[in-house]
Every structure is written in structure tokens, then in C-alpha cells.
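The values are calculated or read from the model by the stated rules, or taken from the named source; none is laboratory data. Treat the numbers as computed from the prediction; the structure is a model and nothing was measured. Glycine gets a Cβ as well: all are built from the backbone with ideal geometry, and neighbour counts include every protein chain shown.
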Amino acid sequence: MTEGEAAPAAVEEQSSRNLLLRVVAALVLAPTAIVIAYAGGWLWTALVTLAAIGLYVEWLMIVGAARRRRVVASGVAALGIAGIFLAMGRIDGSLLALVLGLAAVGLLSPELRHWTAAGFLYAAAAEIASVLVRLDQTNGFVALILILLVVWATDIGGYFAGRGIGGPKLWPRVSPKKTWAGAIGGFAASLVVSGGFAGLGLAKAGPILLLGAALSIASQLGDLFESAVKRRFGVKDSSHIIPGHGGLLDRLDGFVAAVVMAAIFGLLRGGVDGVGRGLMVW
């Protein structure tokens with residue numbers, strides 16, 4: 001075998017190994033997330049808060065602000081205190097903690113103020129939206145599972161459609177590997193998941209398909225947004241905490257965008273205490 005033939009073989013082997021790692025990690029993480037989501041309450045809030053803190057720290061690593069200990073500590077403390085208030089059912093207290101945290105992060109990092117503030121807002125939005133969606137006792141779990149499954153289906157469908165079909169790139173400057181085929185494949189997979197919820201009688205077909213489509217688009221835009229931020233700072237992975245997936249930002253970018261959009265939509269329809277109901281009751 002020549003050197004030219006060996007290189008593609010090595011790349012293919014590495015790709016297969018990464019796929020195996022992704023599958024194994026997903027088989028561990030996905031059921032764990034579903035079980036904790038089902039439990040809800042303080043357990044789900046604790047998981048969400050830890051994830052939000054991880055997202056914030058990884059963002060700081062990407063933009064080059066992770067060495068600023070006061071910036072890291074103030075943001076982590078604010079997200080942690082907000083999580084405690086959320087576990088107590090005090091949304092007002094959590095919002096106050098997040099506002100103060102945002103102010104502290106901005107004041108302590110004048111040179112990177114916009115980037116550090118954006119990272120804190122990103123993590124804070126993920127934290128509070130994830131808790132609000134699960135808050136409704138009757139519909140919260142179903143709404144959350146819908147979001148998770150749509151995001152996962154979009155990711156999986158996009159991965160296999162992109163690799164199997166290929167074709168024109170979606171946005172080469174931001175994410176060179178993503179294709180239009182992958183985007184359409186992920187979108188189609190999300191409709192299958194949404195149709196399954198309709199088939200189970202959990203929602204009317206028309207509205208749930210529209211919601212699934214919107215969540216899928218939000219998920220893909222969230223993925224592109226995170227890719228754009230990493231490319232802006234010349235970073236490939238936000239970290240290596242999850243084998244085969246990279247960091248929390250790499251894994252949760254689509255979910256963050258989808259759950260925030262879902263929370264806003266649910267708030268408009270069901271109010272603070274009925275976000276899940278606003279999503280699932282039509």
C-alpha cells in the first residue's frame with residue numbers, strides 16, 4: 001500500500017472510531033438525561049445548573065477569558081445561586097441572581113465584555129429555559145422529551161444524510177462539513193419524531209409537526225451559531241469532556257437553541273407555570 005493510499009485508510013479508521021465513541025457516549029448519556037428529566041424537581045434543576053456552568057466555562061475557554069478567575073467565579077456563582085432559587089420555585093430570585101451575575105461578568109472583563117456577557121447569557125438562558133419547560137407537572141416531561149428527541153433526531157438524521165448523500169455545503173465558511181443534504185435529512189427526521197407524538201395522541205398532528213419543524217430549524221441554527229463562535233476564535237472543540245462529541249457546547253448547542261425557543265413559545269401560550277402545557281396542549 002502506498003503512502004497516498006494509507007492516508008485515506010487512516011482517516012476512515014479514525015472516523016469509524018469516532019462514530020463508535022459517539023454511539024457509546026450517547027447510549028450512556030441519553031438514558032441518564034431521560035431518567036433525570038422524568039424525576040424532575042431538584043434533580044433535574046441540579047443537572048441543568050451543572051450543565052449551564054459547564055457551558056459558561058467552556059465559552060470562556062473559547063474566547064480566551066478562562067484565566068480570569070474573577071470572571072469565571074462570578075459567573076459560576078450566579079448560575080449556581082440561580083439554580084438554588086429555581087429548585088425552590090423562586091423564579092424571581094433566580095432572575096435577580098442572573099442579572100447581578102451578568103453585571104459582574106461584564107464589569108470584570110472590560111476587554112472581552114461583549115463575549116463574556118454573551119457566554120453568560122447563553123448559559124443562563126439554557127438554565128432557566130430547561131427548568132421552565134419541565135416545570136408543568138402534567139405536560140412538562142412530555143414537552144421536554146419532545147425537544148430532546150427532535151434535537152437528537154435532527155443531529156442523527158443530519159449526520160447520516162450528510163455522510164451518505166453529501167453534495168453542496170450548507171455554510172462552508174462557518175461549518176465546512178455540513179451539507180444541505182444533512183440539513184434536510186435532519187429536518188425530515190424531526191418530522192418523523194413529531195409525527196410519532198401525534199400518532200400516540202399526545203398532540204394534534206398539524207401543530208406538533210409545525211412545532212417539531214421549528215425546533216429542528218432552531219437546533220440547526222444553534223449548531224451553526226456555536227460553530228461560528230469557535231471559528232471566530234480558531235477553536236475546533238469547546239473541550240474534550242465527552243468522548244467522540246467534544247465538549248458540552250459541542251453537544252448541547254442545538255438543544256440550547258431549541259429549548260430556549262420552546263420556552264419562549266410556551267411562555268406566550270401558557271405563562272411561567274405552564275410552559276410545558278403551552279407547548280403540548282393545542
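Residue by residue through segment 55-73, note down the ones that are among the small types (Gly, Ala, Ser) and modelled with pLDDT under 95. Steps first, please.
Of the residues in segment 55-73, the ones among the small types (Gly, Ala, Ser) are 64-66, 73.
Listed by number, the residues that qualify are Gly64, Ala65, Ala66.
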Legend entry - Close pairs (9 angstrom Cβ cut-off, 6 or more residues apart or separate chains): closer than 13 Å to Met88 by Cα in segment 35-61, surrounded by 24 or more Cβ atoms within 10 Å (Cβ to Cβ) and of a type in the set (S, T, N, Q) anywhere: Trp44/Ser130; Thr45/Ser130
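Kindly state which helices (runs of 4 or more DSSP H) lie completely within segment 170-282 and contain at least 2 residues that are crowded, with 16+ Cβ neighbours inside 10 Å and at pLDDT below 90.
Numbers: elements: 180-199, 205-232, 248-270, 275-280.
Correct list: 248-270, 275-280.
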